[in-house]
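Trainee: I am attaching a structure below and will ask some questions about it afterwards.
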Amino acid sequence: MRKLIEATFVSLDGVVGSPEKWALPYFDDENKNYALSRLSEVDAFLLGRVTYEKFAARWPQIKGDDYFDRINSLPKFVASKTLRETTWNATLIKGDVADEVSKLKNQPGKNIMKYGTGQLDRTLIQRNLVDEFHFSIFPIAVGSGQRLFDGIDATHLKLTLTGTKTFNNGIVILTYVPKLTGPLVS
């Protein structure tokens with residue numbers, strides 16, 4: 001069975017929103033090479049509408065960069081109730097998102113990567129579909145913005161630390177595996 005891995009950028013004060021405004025100065029070659037190595041373990045992406053629209057507007061135009069070439073080549077699955085069509089090697093998930101993600105996880109292949117944390121996570125966490133969280137903690141306090149798990153009742157979600165990676169620029173990646181202790185309620 002394929003794992004669904006959520007990877008997201010988080011500031012020291014828990015902000016995940018608009019990382020393009022605060023994380024990019026820290027995302028250097030060391031981080032990019034590590035991210036590229038992680039992509040060798042996946043063969044598809046799962047994206048929510050907001051993340052998909054941000055990425056699809058910019059990333060397909062980036063050519064000749066190993067990291068972006070790899071992302072651009074991978075199939076993407078987009079969860080959205082409002083989009084009617086997709087581009088950028090993407091397929092719109094129709095029907096119940098949790099059921100469709102479960103089906104994707106049960107197909108043969110490598111793992112599925114999900115970048116970002118947002119509304120889609122409510123469904124994924126409630127249905128116990130995220131197999132690993134990779135939180136890249138950036139050495140900056142942003143102050144305001146969407147916070148990690150905003151609007152998601154994750155009180156029953158317990159996380160076990162399974163790995164750490166520290167970079168020279170102060171970014172630390174924490175890898176957690178969820179353990180549910182009871183039903184989640186939204």
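Trainee: Go through segment 67-89 residue by residue and tally those that are touching a helix residue (DSSP H, G or I) at 6+ places or on another chain (Cβ under 9 Å) and assigned to a helix (DSSP H, G or I).
Mentor: Step one: of segment 67-89, the residues touching a helix residue (DSSP H, G or I) at 6+ places or on another chain (Cβ under 9 Å) are 67-68, 70-72, 74, 76-83, 86-89.
So of that shortlist, the ones also assigned to a helix (DSSP H, G or I) come out as 67-68, 70-72.
Of the residues in segment 67-89, 5 are touching a helix residue (DSSP H, G or I) at 6+ places or on another chain (Cβ under 9 Å) and assigned to a helix (DSSP H, G or I).
Trainee: Let me ask something additional. Going by the structure shown, is Thr51 crowded, with 18+ Cβ neighbours inside 10 Å, β-branched (Val, Ile, Thr), at negative phi and not in a helix (DSSP H, G or I)? Break it down into steps so the answer makes sense when it comes.
Mentor: Working: crowded, with 18+ Cβ neighbours inside 10 Å: yes; β-branched (Val, Ile, Thr): yes; at negative phi: yes; not in a helix (DSSP H, G or I): no.
Spelling it out, it is not the case that Thr51 is crowded, with 18+ Cβ neighbours inside 10 Å, β-branched (Val, Ile, Thr), at negative phi and not in a helix (DSSP H, G or I).
Trainee: May I ask you to list the residues in segment 32-48 that are in a strand (DSSP E or B) and touching a Phe, Trp or Tyr at 6+ places or on another chain (Cβ under 6 Å)?
Mentor: Going through segment 32-48, the residues in a strand (DSSP E or B) turn out to be 42-48.
The one that is in a strand (DSSP E or B) and touching a Phe, Trp or Tyr at 6+ places or on another chain (Cβ under 6 Å): Leu46.
A quick yes/no check of all residues on (1) in a loop (DSSP other than H, G, I, E, B); (2) crowded, with 16+ Cβ neighbours inside 10 Å; (3) over 16 Å from the mean Cα position of the chain (by Cα):
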site	(1), (2), (3)
Gly118	yes, yes, no
Asn128	yes, no, no
Phe133	no, yes, no
Ile140	yes, yes, yes
Thr160	no, no, yes
Lys165	no, no, yes
Thr175	no, yes, no
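Trainee: A further question on this structure: Would you confirm, using the coordinates I've provided, whether Gly95 is in a loop (DSSP other than H, G, I, E, B) and surrounded by fewer than 16 Cβ atoms within 10 Å (Cβ to Cβ)? Spell out how you get there, then give the answer.
Mentor: Numbers: in a loop (DSSP other than H, G, I, E, B): yes; surrounded by fewer than 16 Cβ atoms within 10 Å (Cβ to Cβ): yes.
Here the answer is yes, as Gly95 does meet what is asked.
Trainee: Starting from residues that are in contact with a Ser or Thr (Cβ under 9 Å, 6 or more places away or on another chain), at pLDDT 95 or above and β-branched (Val, Ile, Thr), keep the ones in segment 115-174 and report whichever is nearest to Phe9 (Cα to Cα).
Mentor: Filtering segment 115-174 for residues that are in contact with a Ser or Thr (Cβ under 9 Å, 6 or more places away or on another chain), at pLDDT 95 or above and β-branched (Val, Ile, Thr), the one nearest to Phe9 (Cα to Cα) comes out as Ile137.
The values are calculated or read from the model by the stated rules, or taken from the named source; none is laboratory data. None of these values were measured; they are calculated from a predicted model. Positions of Cβ are backbone-derived with ideal geometry, glycine not excepted, and every protein chain shown enters the neighbour counts.
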